[in-house]
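Contents: one structure, followed by commentary.
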Amino acid sequence: MKRFCPLSVILLMGLTLVLVSSRHSQHYIVGEKAEDFSLKDTEGKMVTMADYKDAKGFIIVFTCNHCPYAQLYEKRIADLHRKFAPLGMPVIAINPNDPDIVPDDSYTAMQKRAKDKKYPYAYLFDEKQLVYPKFGATRTPHVFVLDKDRIVRYIGAIDDNPETPEAVKKRYVDDAATAVLRGQKPAPDFTRAVGCTIKKK
Amino acid sequence: MAFFPYLCLMRLNPRLFLLSLLFSWSVPQMAHSQEIIVYDSIGQLEARIRQAGDTTLVINFWATWCGPCVEELPIFEELHRRYSPFGLKVILISLDFKSQKAKRLIPFLQTHPLSPEIGQLVDPDADSWIPRVDSLWDGAIPATWVIQKDKRGFHPTYFKDFQELEMFIQPFIRICPRPARR
């Protein structure tokens with residue numbers, strides 16, 4: 001029985017490939033270093049984390065124009081920037097959506113919204129949709145707090161009440177950013193939240 | 001795969017089969033008298049689940065503001081139409097905000113009549129309740145939960161089509177009891 005069965009070999013190779021690839025997480029988890037990115041802001045300038053010379057960390061927020069959750073958090077994102085940018089930890093907002101699917105999230109719509117709402121922070125466009133998968137963002141808004149070495153220290157929600165800011169009990173991002181600035185580990189360092197799925201083709 | 005339960009039932013009782021056809025036909029007509037059950041906490045929804053006993057529940061988390069969720073609703077309507085005569089229950093849980101019930105959810109249901117049971121979960125503390133649905137869920141919707149007593153399944157995204165949804169619920173349905181051997 002020396003018959004060689006190419007089909008079974010191919011199947012076995014395929015199975016191994018699937019198993020190997022599913023073992024390794026494809027995106028950052030807390031404790032891992034985030035790669036820098038270069039994305040266009042609403043004024044047409046390319047922005048990288050390295051541009052922020054004296055940054056003591058970053059609050060990276062994947063957000064967008066159209067999502068009602070993102071809209072509810074818009075003011076709170078600006079407040080985070082106003083509080084933490086002077087302390088060396090600016091907000092960088094990134095729109096990860098494909099505007100072919102959501103026209104409201106197009107680059108021109110981003111420019112308009114940033115202007116109308118007077119965003120105090122950089123609002124970047126992940127046009128090629130290559131940055132958000134590295135972070136493992138799945139929804140908007142989805143926040144990643146990074147320390148000065150760009151190590152991811154917190155992943156998750158902004159706080160525990162999207163609809164009623166006055167009823168918020170846990171300010172996750174505020175607490176995480178404060179901890180990171182003090183050189184401490186945020187607790188919790190991971191939270192879940194309802195949000196709009198990131199739209200891709 | 002869709003014809004599978006019908007075949008089963010015919011084997012059980014042809015009269016029941018005809019009755020179920022009639023029933024499945026009449027269900028969409030009742031759509032306009034839509035009631036929304038509001039769940040203030042995940043605990044209340046869990047109580048509703050326990051009430052279901054042996055019934056297989058398919059719970060879809062959606063919202064009027066979620067484009068892919070709204071696009072997906074027709075396949076849950078179809079699941080309800082085809083499978084509810086055999087004891088499967090579809091529950092559509094809207095995650096629309098509490099304040100949006102009158103403003104968005106009710107008007108949406110008037111223009112998009114739906115036959116399955118409708119609920120609205122308004123528990124704001126998502127980080128506490130999301131892991132009680134599934135430990136791996138990060139909160140993005142749509143997402144679908146299937147429950148049959150202690151058996152649970154979770155699908156963290158939308159379904160490509162009705163067939164994919166059917167494949168997903170297949171291990172949880174017991175609508176075709178095997179005839180006892182003599």
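Miscellaneous remarks
- Any hit, the stretch A:99-119, residues being away from chain B (no Cβ under 14 Å), assigned to a loop (DSSP other than H, G, I, E, B) and under 19 Å from the mean Cα position of the chain (by Cα): yes
- Residues that are facing chain B (nearest Cβ under 8 Å) and among the hydrophobic types (A, V, I, L, M, F, W, C), drawn from the stretch A:167-197: A:A167, A:A193, A:V194, A:C196
- A Cβ distance below 9 Å, combined with a sequence gap of six or more or placement on separate chains, defines the contacts here; from the stretch A:135-151, residues that are among the polar types (S, T, N, Q) reach residues that are open to solvent by 30 Å² or more (accessible area, probe 1.4 Å) in the pairs A:T138/B:D138; A:T138/B:P156; A:T140/A:H66.
- Residues that are more than 14 Å from chain B (Cβ to nearest Cβ), more than 17 Å from A:D116 (Cβ to Cβ) and of a type in the set (F, W, Y) are absent from the stretch A:64-82 altogether.
- Residues of the stretch B:76-97 satisfying the condition of being under 30 Å from A:D160 (Cα atoms) and either out of contact with any Pro (no Cβ under 8 Å at 6 or more places or on another chain) or free of Cβ contacts under 8 Å to residues at least 12 places away in the same chain (or both): B:I93, B:S94, B:L95, B:D96
- Those helices (runs of 4 or more DSSP H) of the stretch B:89-182 in which 2 or more residues are within 13 Å of chain A (Cβ to nearest Cβ) and surrounded by 14 or more Cβ atoms within 10 Å (Cβ to Cβ) occupy B:126-133.
- Any hit, the stretch B:5-16, residues being under 30 Å from A:Y69 (Cα atoms), at pLDDT below 95 and either open to solvent by 20 Å² or more (accessible area, probe 1.4 Å) or not β-branched (V, I, T) (or both): no
- The residue list A:A55, A:A50 contains one member that is in a helix (DSSP H, G or I), out of contact with any Leu (no Cβ under 6 Å at 6 or more places or on another chain) and open to solvent by 10 Å² or more (accessible area, probe 1.4 Å), which is A:A50.
- Residue that is nearest to B:C69 (Cα to Cα), among those in the stretch A:52-81 that are out of contact with any strand residue (DSSP E or B) (no Cβ under 9 Å at 6 or more places or on another chain) and among the charged types (D, E, K, R): A:E74
- You will find that of A:T140, A:T164, the residue that is within 14 Å of chain B (Cβ to nearest Cβ), buried (at least 19 other Cβ atoms within 10 Å of the Cβ) and over 18 Å from A:V30 (Cβ atoms) is A:T140 and no other.
- Screening the candidates B:L105, B:L136, B:L121 for the property of being modelled with pLDDT of 95 or more and out of contact with any Phe, Trp or Tyr (no Cβ under 6 Å at 6 or more places or on another chain) yields one hit, B:L105.
- Exactly one residue out of A:V30, A:V47 is modelled with pLDDT of 95 or more, within 22 Å of A:G195 (Cα to Cα) and within 18 Å of the chain's Cα centre (by Cα): that is A:V30.
The values are calculated or read from the model by the stated rules, or taken from the named source; none is laboratory data. Keep in mind the model is a prediction, meaning the values are calculated, not measured. Every residue, glycine as well, gets a Cβ built from its backbone with ideal geometry; the counts of neighbours run over all protein chains shown. SASA here: full protein model, heavy atoms, side chains in, ligands and nucleic acids out. Shrake-Rupley method; radii C 1.70, N 1.55, O 1.52, S 1.80 Å.
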